[in-house]
1. Out of segment A:319-329, which residues are within 20 Å of A:PRO243 (Cβ to Cβ) and without any contact (Cβ under 8 Å) to a residue 24 or more places away in the chain?
2. Give me the strands (runs of 3 or more DSSP E) completely within segment A:336-413, filtered to those with at least 3 residues that are open to solvent by 10 Å² or more (accessible area, probe 1.4 Å) and farther than 15 Å from A:LYS215 by Cβ, ordered by residue number.
3. In segment A:257-276, what residues are outside any helix (DSSP H, G or I) and under 14 Å from A:ILE231 (Cβ atoms)?
4. Among the numbered conditions (1) surrounded by 15 or more Cβ atoms within 10 Å (Cβ to Cβ); (2) free of Cβ contacts under 8 Å to residues at least 12 places away in the same chain; (3) on the phi > 0 side of the Ramachandran plot, tell me where A:GLY19 comes up short.
5. Would you check which residues across segment A:448-477 are within 51 Å of the chain's Cα centre (by Cα), assigned to a helix (DSSP H, G or I), under 27 Å from B:PRO433 (Cα atoms) and at the interface with another protein chain (Cβ under 7 Å from one of its Cβ atoms) and list them?
6. Considering only segment B:487-515, state which residues are facing chain A (nearest Cβ under 7 Å), part of a helix (DSSP H, G or I), aliphatic (A, V, I, L, M) and farther than 16 Å from B:ILE467 by Cβ.
7. Restricting attention to segment A:312-335, and to residues there that are open to solvent by 30 Å² or more (accessible area, probe 1.4 Å) and in a strand (DSSP E or B), which single residue is nearest to A:LYS274 (Cα to Cα)?
Amino acid sequence: MGEEVEESIDGLRQSFRTGRTRSVAWRKSQLGSIVRLVSENEEKIFSALYQDLGKHPVECYRDELGVVLKSAAYALRNLDKWVAPKKGNLPLLFFPARGQVIPEPLGVVLVISSWNFPISLALDPVIGAISAGNAVVLKPSELAPACSAFLAEHVPLYLDTKAVKVVEGGVDMGERLLRQRWDKIFFTGGPKGGQIVMSAAARYLTPVTLELGGKCPTILDTLSDAYDVKIMVKRIAGGKWGPCCGQACIGVDYILVERKFSATLIELLRRTIKKFYGENPQSSKSICRIVNRDHFERLKSMLKDPAVADSIKFGGSMDEEILFIEPTILLDPPLDSELMMSEIFGPLLPIITVDNIQESIEFINSRPKPLAIYAFTKNEAFKQRIIKETSSGSITFNDVMVQFVCDELPFGGVGQSGFGRYHGKYSFDTFSHEKAVMRRGFFPELEPRYPPWNDFKLRFIRLAYRFNYLGLLLLMLLSRR
Amino acid sequence: MPSSSVEEPRRDDGSGEGTRVKIYKSPKGLQEEKAKTTSNLPYLLLLLLLLLHPSTLPLLHFKLAAIGLSVNLARERPSFQALPRKAAVPLRVSSSMATEVMEEKGQAFDSRKAEALVRDLRSRFEDGRTRSYEWRVFQLKAIARMVKEREKDILGALMTDLSKPELEAFVTEISLTKSACKKAISELKAWMKPEKVKTSIITFPSSAEIVSEPFGVVLIISTWNFPFLLSLDPLIGAISAGNAVVLKPSESAPATSSLLTKLLEEYVDGSAVRVVEGAVPETTALLEQRWDKILYTGSGRVARIVMAAAAKHLTPVILELGGKCPAIVDSNVDLEVAAKRLMGGKWTCNNGQACIAVDHIITPKSFAPKLIEALRAGVEEFFGKNPTESQDMSRVVNRYHFARLAKLMDEDGVSEKIVFGGERDEGKLRIAPTVLLDVPGDSQIMQEEIFGPLLPIVTVDKVEDGIALVNSRPKPLAAYLFTKNDLLKQQFVQRVSAGGMLINDTVLHLTVPGLPFGGVGESGMGSYHGKFSFDAFSHKKAVLSRGFVGEINTRYPPYTPKKQRLLKALIGGNIIGIILALIGWNTKE
């Protein structure tokens, strides 16, 4: 790569200065190109994702291609509305005047994406950056090399090479990129990476959006209806082992349930796993593998602790050759074990029992704020308690993960799960500066604004700040005498 | 008037202090608010009529000018006698003083103390105290009452710290704080209400809302140039959003800093709102702690330290910095009005010591002499023949900044460019309004933010060249343009990037709660004021609710080609495709 990276960033900055990326027509054509990039290369993307993670095409479509297509289409549909200036209300005192809030692009932005959804977590932020009229550098994760190579090869074929660049590389390249001046950095990854990115950004006062993860809890209230229970278990199993085999920032990390319900739950989950992945999940094409040996070892060591190993109620087998770990259910593992202290990011599902489901709120609050909280309940009062008394990036009732595809909802964390948000209009806002613009004429001029100061002016300003227009009139008329 | 509710706060409003959150707006509350706004209407209409009527427009202008002038001649200041001028009092070197005071009391604020403070506030936040609407409004009303009842004390502190003229202090510090408070009180219910949003076909049936929740324990580090406003304005935002707060006022405005400590202790809930006074060591101790949000107002240098410290705990930051705010002045303006407004954004705005003050003027070469004459005349009108003696202008904050400004003026190649002004009085820390013409572009005065009464004028051949000149520098917090040319206005708005911009006036956009106030690039990140303050201190939590009906098995393994077709149709919003896939129609194979 040599000197190229620094030069190509300079090139992007020059393109940005010429105003190339600002026109709505340019933004729309680029968004259209992203749609074509994805839809014309479906098979290639499927195969890249299969190589990197063993993702099945249906899962690819649901979590990657579909997400990108939907976001791009949504942005295309709404872009005209987003770029329009918003009116800011002005006090009458300044009449005649006009206040507006005008969104403008920030400049040259850096998107650093992660390996678990290597296509959607790369292109979804890029859609936001382009919608807002920025020049973009995308650094895909080196841990999903096939997808990274696909993006590096195909993005230049479809998108404007003068304004959108893909830079491949590992930690060294990441650090090198972080030494440059950016107008915004959008980072998806872990908290440690987030700290490094933000520290580097401080040097140039670059605003950052950090999309991190956390241990996302799932609260299961006791449901009386057998049908509801069936749906609930399906949704949990789908949310745990479905998207990238639990390697997802909003995946179900652990379950909170009342003690009396735990045996039934384990039995139902076991049956659902059989239904989803057959008698021998290892040979199923419908489940992803673990991304690499490091993560495989990390997960393996979580189960090494004898107290944890004892709590395994289902699964637990693994195959190092093909980096496969079976869907695994654990009941009440020690709370101070690695498994319960750090984000699992894999197919292990601990079930934590409580005496009363209401206690789960305290349990959640005693830990860092997660990116998502899931709760299956029909108890409205309990729902309200969860909303008001816990803090998390998002809450979803009676389902898991689907909040990710709602364009109208902001997606982002709080506390340890990051800050800043995107999706839909929020993606546009994340990559825009909201410029306040106020316009005035030269008349009328209110002299009391200026020195030399005197008592009349003080009285005038007192009234003006209260917007007491009658008082102002009286003051002016009476003072004339 | 909406103000009445602020003016007469009732102590008993806090009776519901400890009660649980009440977010949803009652219909009764709505009606009351409506009634309040309608009572304002007749006056609004009256003034509107007066303003709109073409014949009264110049009249009003003339009338006001006439009154201003006549009182000016009399030069009587009855109500100003109450406050003794303290400009001549020897200056105190603030940072050491603050530490001394602390050490005297035997309570130096170190990491251990900071940690205990944050722990204390966190437990206060966690017991839910600060979340209730009642608690928030009670604190806001207390602040409004504090500003009203202790106006004299506040003006006195500002006089001590900056010799800030009473009226200027009233306009920029007291009034803006009051109106921020009033706005928050009257609109808080609406702000707190969860925002309903649409949901998509993919999650059908479902409902979704965005809930604003407090971050937790937040830190506000304020600055010395508007030491009262820039402490309380963010504080109002943080309290509105339901956070526990630590405020660190600037040690360079020691009188205001200690007054804030005293007043806030007296008026607001000290178990959730604390003031920590001090300088670098105290700030360092504070920054080591884990905060849920930090708002810092000040310089880019310190902002980098704040952001790097925040990175350790992944704390989001709002940085309110400054920059060299340019004013482009076209030759077609109403000269007298433009000159006055420029002066209003420089010498009557804390004597240029403001983050949105006009830093330099850019104007066509041919127009510069006229503009300079108008400014010279204006300065004489505003501050008399001997501006260093004028009591209508703030002084330079301290010896350090005085020396910095003197150095800027004395640089070779700069000092000979002074057109008028340049007088200084080191004892009183006063520098006269000083205009410089075409100083070298590489001189220090054109490199750093001036933050004082020096006003360089940069000339260009065509006024349009000003835009490129502005764009060649880091993005400023504010950019000003004076012109009657609509095309130029449009170009300016489109091509210049700045925190905010104001056309044909200066500084006023700061006072508008409907506009976000904040920088971009070197001038900072994040914004506040009005609803934006509430949002700045709130986490927007997405809440999605689903039922158990309408389950689509497509989501789940084992995956099949049919599921893939159905998903495609679903995501594409293709209804026919959905039906075809559901009935098993096979289009491909």
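1. Residues satisfying the conditions do not exist here.
2. Hits in segment A:336-413: none.
3. none
4. Among (1) surrounded by 15 or more Cβ atoms within 10 Å (Cβ to Cβ); (2) free of Cβ contacts under 8 Å to residues at least 12 places away in the same chain; (3) on the phi > 0 side of the Ramachandran plot, A:GLY19 violates only (1).
5. A:PRO448, A:ARG449, A:LEU458, A:ILE461
6. Result: B:LEU508, single match.
7. Only one residue fits best here, namely A:LYS313.
Results for (1) assigned to a loop (DSSP other than H, G, I, E, B); (2) open to solvent by less than 10 Å² (accessible area, probe 1.4 Å); (3) in contact with a helix residue (DSSP H, G or I) (Cβ under 8 Å, 6 or more places away or on another chain), shown as yes or no for each residue.
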{"position": "B:LEU286", "(1), (2), (3)": "no, yes, yes"}
{"position": "B:ARG290", "(1), (2), (3)": "yes, no, yes"}
{"position": "B:ILE294", "(1), (2), (3)": "no, yes, yes"}
{"position": "B:ALA309", "(1), (2), (3)": "no, no, yes"}
{"position": "B:THR315", "(1), (2), (3)": "yes, yes, no"}
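The values are calculated or read from the model by the stated rules, or taken from the named source; none is laboratory data. Predicted model, so just to flag it, every value in this text is computed and none were measured. Cβ coordinates were reconstructed from backbone atoms using ideal geometry, including for glycine residues, and neighbour counts include every protein chain displayed. Protein only, heavy atoms only, side chains kept; ligands, DNA and RNA dropped before computing areas. Shrake-Rupley method; radii C 1.70, N 1.55, O 1.52, S 1.80 Å.
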